[in-house]
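> Please find one structure pasted underneath; my questions will follow.
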Amino acid sequence: MIGVAAGGAINDEYGRKAATLLEDVIFALGSFVMVVAWNPHVVIFGRLLVGLGICVASVTALMYIAEAAPSETRGCLVSINVLIIPSGQFLSYLVNLAFTEGTHQLIGTRDWTQ
């Protein structure tokens, strides 16, 4: 919620281009922090940074699509974006579920905990 609110304020104050550049920097910084993480707390901090980047990106992308798209396709394009993002999150959840310990019943009879 904080990231989305900040994303709206950043878009209003600095514009879409600056907001897009800022979210790219936040993504890169969060990714770098996770790569060099030496303990789980640093990984969580990196995930927090990437999450903030995603929040700013979600606000900026929808506004950019709504502003740049022709009026006859604007609603369709925004709706597709809103539909695809949760679908991708759901699929990534299913992939994580398949690789989680104790879920070997879902993907076969092999014991994955060995």
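> With springs only between Cα atoms under 10 Å, which of ALA98, ALA57, ALA19 fluctuates most in a Gaussian network model of the chain?
ALA98
> What angle do you read, to the nearest 10 degrees and between 0 and 90, between the alpha-carbon axis of helix 74-98 and the longest principal axis of the chain?
Approximately 20 degrees, to the nearest ten.
> Okay, helix-only estimate at 222 nm for the chain: each DSSP H run of n ≥ 4 adds -39500 (n - 2.57), divide by all residues, round to 500 deg cm²/dmol; what do you get?
That calculation yields -27000 deg cm²/dmol at 222 nm.
> Counting only C-alpha contacts under 8 Å and six or more residues apart, can you give the relative contact order of the chain as a whole percent?
Relative CO of the chain lands at 23 percent.
> Return the single residue from GLY75, GLY88, GLY51 with maximal mean-square fluctuation; model: Gaussian network over the chain, springs between Cα atoms under 10 Å.
GLY88
> When the chain is modelled as a GNM with alpha-carbon springs shorter than 10 Å, which of THR73, THR100, THR20 fluctuates the most?
THR100
> Taking Cα atoms, how many degrees apart are the long axis of helix 16-35 and the longest axis of the chain, rounded to 10 and kept between 0 and 90?
20 degrees
> Debye sum, Cα scatterers, the chain, no solvent: what log₁₀ I/I(0) at q = 0.13, 0.18, 0.21 1/Å?
The Debye formula, applied to the Cα set alone, gives -0.68, -1.00, -1.14.
Only the coordinates and a few stated rules stand behind these numbers; no lab work does. Quick caveat: nothing in here was measured; it's all calculated off a predicted structure.
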